[in-house]
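What follows is a set of notes on a single structure, which appears directly below.
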Amino acid sequence: MSIPQITVGHGPHHVYVLHGWFGSADGWGLFPTYLDGEQFTYHFFDNRGYGARMDERGDYSLDEVAGDVMALADSQGVQTFSLIGHSMGGAEVLRVLAKAPGRVRKIVGITPVGASPTPFDQAGHDLFYGAPDNRDLRFGIIDFTTGNRNTATWVNSVVEHSLSHSTVEGFRGALVAWATPDFLAEIAGDEHEMLVIPGEHDPALGEAAVRQTWEPHFPNCRIEVMPNAGHYPMFETPVQLATVIERFLAD
C-alpha cells in the first residue's frame, strides 16, 4: 500500500506529524513554513478518510493509524523517528509508542488527548457526536475550544477545511477512536521524553486536562503552556509553536 504524505525538510531526524480531528496533512496553516529542514525531515500524515486518503476506507481505529505510520516509515527506510500529534493525534502517537517503543525517539503532544477515554457530559456528547453531520456543531466546537476569542472568518475556514478534507465516515470513525481509547496500562511509566503543549485559552484540553491525562503517567513528560493560543496553536501562534517543538526535539 502506498501512503501519500507531505514532506518538509531533508534533515537526518525524521518526524511523523499526525493531524487533529478537523485537520489533514495540509491543514497546519503556516506552521510548516517555519520548520528547520536542515535538522529535520517532517512527514505530514493523513489518516484514512482524510486529505489525500479520502478514498481509503478502514476501521479508523488507533491501531490502524499506528500501523499505517509504521508502514510509511518502513517504506521510507526510516527505523527510528519522533512523533508529533495534535489533539486526537495525541492518542495516535501514544498508540505508536505502545506498538513499537524501540522505534520512537521523542513525542510531542499539541493540545492532545491521551490514552484514556475522554469524559463527556450529555451536552458535550451531543455536541461532538452530532458534529459529523452538522456544520453548525463543527463551528461551535472550534469556537469553544479556542476560547470564543477568534474571528468567525477563521473559525469558518477550519470548518470548511474539515468538510472538504474528510469524509463523514472517516470523521465519525476518528471520533470514536480518539474519544474512547483505553490503553494507558500498556504504556504508563514509559520513560521516553515527551513534550505536551496545551493552549492557554483551550477550555477542553488545556493545562488542567493534560496534567491529569499525561503528566502523572510518564516520568519524562514536561508541559509547556502556549500563551495566546487555544486548541489550534499551529494557526494561532505558529512561530512560537515551531520554536518550542524544535528546541525540544534538538535538545
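For residues that are under 13 Å from Ala177 (Cβ atoms) and either in a helix (DSSP H, G or I) or hydrophobic (A, V, I, L, M, F, W, C) (or both), tally how many sit in segment 82-92. Adding up the residues that qualify gives 5. Hey, any hits in segment 24-34 for a residue that's in a helix (DSSP H, G or I), surrounded by fewer than 20 Cβ atoms within 10 Å (Cβ to Cβ) and among the aromatic types (Phe, Trp, Tyr)? The answer is yes; a qualifying residue exists.
Enumerate the helices (runs of 4 or more DSSP H) found wholly within segment 163-251, keeping only those where 1 or more residues are over 15 Å from the mean Cα position of the chain (by Cα), at pLDDT 95 or above and over 18 Å from Phe144 (Cβ atoms).
In segment 163-251, the matching helices (runs of 4 or more DSSP H) lie at 168-179, 184-187, 207-213, 238-250.
You will find that of Gly114, Gly89, the residue that is among the small types (Gly, Ala, Ser) and out of contact with any Phe, Trp or Tyr (no Cβ under 7 Å at 6 or more places or on another chain) is Gly89 and no other.
Is it fair to say Gly11 is touching a helix residue (DSSP H, G or I) at 6+ places or on another chain (Cβ under 6 Å), in contact (Cβ under 8 Å) with a residue 24 or more places away in the chain and not in a strand (DSSP E or B)? Taking the combined requirement at face value, the residue does not satisfy it. Taking residues in segment 197-213 that are touching a residue at least 60 places away in the same chain (Cβ under 8 Å) and among the hydrophobic types (A, V, I, L, M, F, W, C), and partners anywhere that are crowded, with 20+ Cβ neighbours inside 10 Å and assigned to a loop (DSSP other than H, G, I, E, B), the pairs with Cβ atoms closer than 6 Å and at least 6 places apart or on different chains are Leu205/Thr111; Val210/Pro198.
If we keep just the residues of segment 93-120 that are basic (Lys, Arg) and part of a strand (DSSP E or B), which is farthest from Phe31 (Cα to Cα)?
Arg105
Here His19 meets the list (1) buried (at least 23 other Cβ atoms within 10 Å of the Cβ); (2) over 18 Å from the mean Cα position of the chain (by Cα) almost entirely, failing just condition (2).
Checked against (1) under 17 Å from the mean Cα position of the chain (by Cα); (2) closer than 25 Å to Ala98 by Cβ; (3) buried (at least 16 other Cβ atoms within 10 Å of the Cβ), His13 passes all but a single condition, namely (1). Restricting attention to segment 35-59, the residues that are crowded, with 24+ Cβ neighbours inside 10 Å and of a type in the set (Asp, Glu) add up to 1. Scan segment 14-38 residue by residue and report those that are more than 27 Å from Val176 (Cα to Cα), touching a residue at least 60 places away in the same chain (Cβ under 8 Å) and touching a strand residue (DSSP E or B) at 6+ places or on another chain (Cβ under 6 Å). Hits for segment 14-38 are His14, Leu35.
Mind checking whether some residue in segment 122-145 is outside any helix (DSSP H, G or I) and either buried (at least 20 other Cβ atoms within 10 Å of the Cβ) or at pLDDT below 95 (or both)?
Among the residues of segment 122-145, not one is outside any helix (DSSP H, G or I) and either buried (at least 20 other Cβ atoms within 10 Å of the Cβ) or at pLDDT below 95 (or both), which makes the answer no.
Flag set for Thr80, criterion: at pLDDT 95 or above, touching a Gly at 6+ places or on another chain (Cβ under 9 Å), surrounded by fewer than 22 Cβ atoms within 10 Å (Cβ to Cβ) and within 25 Å of Ala250 (Cβ to Cβ). Tyr16 falls short on exactly one of the conditions (1) of a type in the set (Phe, Trp, Tyr); (2) in contact with a His (Cβ under 8 Å, 6 or more places away or on another chain); (3) in a loop (DSSP other than H, G, I, E, B), and that condition is (3).
Tell me whether segment 147-156 contains one or more residues that are basic (Lys, Arg) and outside any loop (DSSP other than H, G, I, E, B). No: zero hits.
The values are calculated or read from the model by the stated rules, or taken from the named source; none is laboratory data. Here the structure is a predicted model, which is why all the values come from computation and not from measurement. A quick note on method: Cβ atoms are made from the backbone with ideal geometry, for glycine too, and the neighbour counts reach across all protein chains shown.
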